[in-house]
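Shown next, in structure tokens, is the structure this report addresses.
The values are calculated or read from the model by the stated rules, or taken from the named source; none is laboratory data. On a predicted model such as this, the values are computed, not experimentally measured, just so you know. Heads up, the Cβs are rebuilt from the backbone with ideal geometry, glycines too, and the neighbour counts pull from every protein chain shown.
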Amino acid sequence: MKRVMIAGTHSGCGKTTVTCAILAALKHRGMNVSSFKCGPDYIDPMFHQKVIGVPSHNLDSFFCDDETLKYLMNENGAKADISVVEGVMGYYDGVEGKGSAHSVSTVTGTPVIVVIDCKGASESIGAIMKGFLEYKQPNMIKGFIFNRLPERLVPRMKELCIELETIFFGYMPTNSFTFESRRLGLVTADEIDDIKEKLSELSLLAEKNIMLDEIIKVSDVPYPVYSEPGLHIIERKINPIIAVAKDEAFCFIYSDNIAFLERLGCKIKYFSPMRDEKLPDNCCGLILSGGYPELYAEKLSQNHHMTETIKSAIESGMPTIAECGGFMYLHERMILSDDRSYEMVGAIKGNVFSTSKLQRFGYVTLEAKKACLICDKSDKIAAHEFHYWDSTDCGSDFIARKNDGRNWECIHSDKSLYAGFPHLYFYANVKIAERFVAACAEYGERYGQGQ
């Protein structure tokens, strides 16, 4: 299984731009390409998907044990001619050795190319290269791509690679474009009007300046042996239909979560809380994805048919997972940064409101204070938070703990509901999906829904 990771020295060094350039160029060559993103990112995989035309996947060593990580990479990449993995933050950045691009590359045996942002530097680039090559051993670093590098410095970068016994994989020229960003990360791919033109331009830049043949060559390494995670797949009278919110406001969806539900026998039906008047027919489970509901608050508020339908479904006991943006949507009111206020679903009493800084950012381990929809009492689940919003009632049915000792109560949960700011990745604890699907099937049997 050919595979390569495009890592970076730090966030903002150009990993996404370089990764999309390589994906576009390989795709233009007619190769069947798969892509991955390290960490709990939703937006970068959207860009990958725009390039290759099929879902991109996440690889996260905080969420998953080693065997699951190797399984997921092989499951989603084995049929491709080559898999390209985008790193997260700086190559070595993580939480006590977990969640980093370094850990993912080591576990999966994936060769790594590090992107260096060269703006404003010349000879000091050599110190950065030497540091990354030697900081931790073993590592999977095979060489470097030099982003925003003046053409006149290309010969010197080649010399440095020879001196440091590493590979020059090319460069991206100074003043090449970057994708726009907002405070929660990059602007999503669907929001960029000229995305196809930009990706075409990136493909040409990569074909001209990046050593694609060398990348393909270095990617050809054996894949490590692994064991497949065990699942409890139960034959049921009905196959649950799961309604999943998916539009501009709700677009943070792990493709592996969807595939997991399908593997357990579910049929997925997407709907738009902004445009549709009701939930999909015969659905017996609901997932309100994360995203940017604040950008579309007025439209969401004005769609009274949908807000009333969702509130009624939750009150009827329809199993529901609502995370971050979906949790925000369930409140009585959403208060924006300019104090404009909009009525929302009202299933969660209280208001959700904008703040000026990140709230409870990063990886957390959730511990259930009682048995609920997704787990038993005292079960622990790896999760992630990333939001500038807060609530007058964040819930108190779980305790979230960070590795630095901080902890807090969060999440509204009962036998049919999980609603809170933390995002869930089902492979972090397979019980999440198994219990959710079982509850959906029971609901469907009770009300004659499903298929």
What number of residues within the range 227-241 are in contact with a helix residue (DSSP H, G or I) (Cβ under 6 Å, 6 or more places away or on another chain) and modelled with pLDDT of 95 or more? 1
Being in contact (Cβ under 8 Å) with a residue 24 or more places away in the chain and in a loop (DSSP other than H, G, I, E, B) is the filter here; which residues of the range 317-357 pass it? 317, 318, 319, 324, 330, 336, 340, 344, 345, 346, 347
Among the residues in the range 379-390, are any modelled with pLDDT under 95 and either surrounded by fewer than 14 Cβ atoms within 10 Å (Cβ to Cβ) or not assigned by TED's automatic domain parsing to the domain that holds residue 336 (or both)? no
Given the criterion part of a helix (DSSP H, G or I) and modelled with pLDDT of 95 or more, identify the matching residue among 103, 61, 83. 103
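This table checks each residue for (1) of a type in the set (Phe, Trp, Tyr); (2) surrounded by fewer than 24 Cβ atoms within 10 Å (Cβ to Cβ); (3) in contact with a His (Cβ under 8 Å, 6 or more places away or on another chain).
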position	(1), (2), (3)
288	no, no, no
291	no, no, no
298	no, yes, no
308	no, yes, no
340	no, yes, no
343	no, yes, no
348	no, no, yes
355	no, yes, no
In the range 21-54, anything in a helix (DSSP H, G or I) and modelled with pLDDT of 90 or more is listed as 21, 22, 23, 24, 25, 26, 27, 28
Selection count, the range 398-451, where residues are assigned to a loop (DSSP other than H, G, I, E, B) and either in contact (Cβ under 8 Å) with a residue 40 or more places away in the chain or among the hydrophobic types (A, V, I, L, M, F, W, C) (or both): 12
Residues located in the range 201-235, provided they are part of a loop (DSSP other than H, G, I, E, B) and among the charged types (D, E, K, R): 220, 228, 235
Right, residue 155: over 21 Å from residue 84 (Cβ atoms), at pLDDT below 95 and not hydroxyl-bearing (Ser, Thr, Tyr) or not? no
Considering only the range 273-289, I want to know if a residue exists there that is assigned to a helix (DSSP H, G or I) and farther than 26 Å from residue 351 by Cβ. no
Inspect all residues belonging to the range 242-250 and state whether any of them is of a type in the set (D, E, K, R), farther than 27 Å from residue 446 by Cα and modelled with pLDDT of 95 or more. yes
Output for the range 67-78, where each listed residue is of a type outside the set (A, V, I, L, M, F, W, C) and in contact (Cβ under 8 Å) with a residue 60 or more places away in the chain: 67, 68, 70, 71, 74, 76, 77
Filtering the range 126-142 down to residues that are touching a helix residue (DSSP H, G or I) at 6+ places or on another chain (Cβ under 7 Å) and among the β-branched types (Val, Ile, Thr) yields 141
Among the residues of the range 350-391, which ones are among the hydrophobic types (A, V, I, L, M, F, W, C) and over 12 Å from residue 413 (Cβ atoms)? 352, 353, 358, 361, 364, 382, 383, 386, 389
Members of the range 348-357 found to be under 14 Å from residue 325 (Cα atoms) and of a type outside the set (Val, Ile, Thr), listed by number: 351, 353, 354
Which of the residues belonging to the range 403-422 are among the charged types (D, E, K, R) and either modelled with pLDDT of 95 or more or in contact with a Lys or Arg (Cβ under 9 Å, 6 or more places away or on another chain) (or both)? 406, 409, 414, 415
For residue 132: the one exception among (1) without any contact (Cβ under 8 Å) to a residue 12 or more places away in the chain; (2) in a helix (DSSP H, G or I); (3) under 20 Å from residue 106 (Cα atoms): (1)
Any residue at all in the range 89-98 that's farther than 24 Å from residue 164 by Cα, assigned by TED's automatic domain parsing to the domain that holds residue 48 and either surrounded by 20 or more Cβ atoms within 10 Å (Cβ to Cβ) or without any contact (Cβ under 8 Å) to a residue 24 or more places away in the chain (or both)? yes
Determine which member of the set 66, 44 is surrounded by fewer than 21 Cβ atoms within 10 Å (Cβ to Cβ), of a type in the set (D, E, K, R) and touching a helix residue (DSSP H, G or I) at 6+ places or on another chain (Cβ under 6 Å). 66
Residues of the range 251-286 being in contact with a Phe, Trp or Tyr (Cβ under 6 Å, 6 or more places away or on another chain) and surrounded by fewer than 17 Cβ atoms within 10 Å (Cβ to Cβ), in sequence order, are 280
Show the residue pairs that are 6+ apart or on different chains and have beta-carbon atoms under 7 Å apart, the first residue being within the range 152-165 and outside any helix (DSSP H, G or I), the second being surrounded by 13 or more Cβ atoms within 10 Å (Cβ to Cβ). 164/129; 164/130; 164/133
